[in-house]
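The values are calculated or read from the model by the stated rules, or taken from the named source; none is laboratory data. Just so you know, these numbers come straight off a predicted model, no measurement behind them. Cβ placement follows ideal geometry from the backbone for every residue including glycine, while neighbour counts extend to all protein chains displayed.
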């Protein structure tokens with residue numbers, strides 16, 4: 001789960017949320033050490049990044065998932081769409097290890113990982129360079145004084161609108177009712193994004209190609225009903 005931060009002195013950004021949970025097992029640490037140098041990439045502040053250059057062969061499109069958690073959704077989408085290049089951003093090292101395990105087991109060659117702040121990547125991506133983006137079940141930061149930490153905010157949505165190609169989809173999901181209203185209001189306030197819902201089922205039911213994650217299953221088991229919001233880049 002991902003959250004935003006705020007600018008710190010001298011332009012350094014603060015990234016809220018955990019970077020590491022329980023100590024990594026030796027196998028997970030070995031996987032990180034072996035796989036991340038090959039599949040990971042870095043962003044240099046102030047420099048642009050052409051995402052197509054991260055892959056051995058030119059992908060037919062680039063999809064981005066911000067805060068992929070345990071990687072279930074990202075790995076499943078990458079397996080279903082081998083022609084697409086997938087960028088996954090997750091600062092939580094335990095989640096990165098889980099995704100790398102899935103990438104290795106499924107032999108996925110179309111996944112690249114940034115273990116850092118998603119806003120750095122959004123700033124570096126060229127205009128209209130993404131065909132789809134996902135922000136699924138980010139940390140809701142429910143306390144009013146913490147709302148500034150939410151990854152979905154006017155600034156981030158403006159960056160996403162810039163890097164999404166015309167017609168591209170932005171998919172958001174949350175099980176927190178207040179955050180759902182916040183997401184919808186922020187999305188509708190961004191003039192380059194159009195909410196695609198035409199009926200209640202469009203936000204109550206997941207998209208046809210949805211992949212349920214362990215976090216979503218936990219939320220449903222606790223009686224929290226997810227909300228699914230899809231926006232389309234206009235223009």
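Listed values, structure above:
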quantity	calculated
Residue, nearest to residue 206 (Cα to Cα), within the stretch 48-64, restricted to residues that are touching a residue at least 24 places away in the same chain (Cβ under 8 Å) and part of a loop (DSSP other than H, G, I, E, B)	61
Hits in the stretch 212-227 (condition: part of a loop (DSSP other than H, G, I, E, B) and surrounded by 16 or more Cβ atoms within 10 Å (Cβ to Cβ))	213, 226
Residue ID - nearest to residue 73 (Cα to Cα), chosen from residues in the stretch 194-211 that are surrounded by 11 or more Cβ atoms within 10 Å (Cβ to Cβ) and under 17 Å from the mean Cα position of the chain (by Cα)	211
Subset of the stretch 21-47 (residues that are part of a loop (DSSP other than H, G, I, E, B) and loosely packed, with under 12 Cβ neighbours inside 10 Å)	21, 22, 23, 25, 42, 44, 45, 46, 47
Residue within the stretch 102-118 that is without any contact (Cβ under 8 Å) to a residue 60 or more places away in the chain and within 27 Å of residue 182 (Cβ to Cβ) present	no
Residues (buried (at least 21 other Cβ atoms within 10 Å of the Cβ) and closer than 14 Å to residue 213 by Cβ) located in the stretch 79-97	88, 90, 95
Pairs where the first residue, in the stretch 137-150, is without any contact (Cβ under 8 Å) to a residue 40 or more places away in the chain and the second is surrounded by 20 or more Cβ atoms within 10 Å (Cβ to Cβ) and assigned to a helix (DSSP H, G or I), C-beta under 6 Å, 6+ apart	140/179
Cross-chain or 6+ apart pairs with Cβ under 8 Å, the stretch 72-94 first and under 19 Å from residue 56 (Cα atoms), then modelled with pLDDT under 95 and buried (at least 18 other Cβ atoms within 10 Å of the Cβ)	83/59; 84/59; 85/59
Matching residues in the stretch 180-193 - criterion: being surrounded by 18 or more Cβ atoms within 10 Å (Cβ to Cβ) and either over 19 Å from the mean Cα position of the chain (by Cα) or more than 14 Å from residue 154 (Cα to Cα) (or both)	180
Qualifying residue in the stretch 11-19 (condition: farther than 27 Å from residue 173 by Cβ and either outside any strand (DSSP E or B) or at pLDDT below 90 (or both))	yes
Selected residue (criterion: surrounded by the fewest Cβ atoms within 10 Å (Cβ to Cβ)) from residues of the stretch 48-63 that are within 15 Å of residue 163 (Cα to Cα) and out of contact with any helix residue (DSSP H, G or I) (no Cβ under 8 Å at 6 or more places or on another chain)	50
Members of the stretch 192-211 found to be touching a residue at least 40 places away in the same chain (Cβ under 8 Å) and part of a loop (DSSP other than H, G, I, E, B), listed by number	192, 209, 211
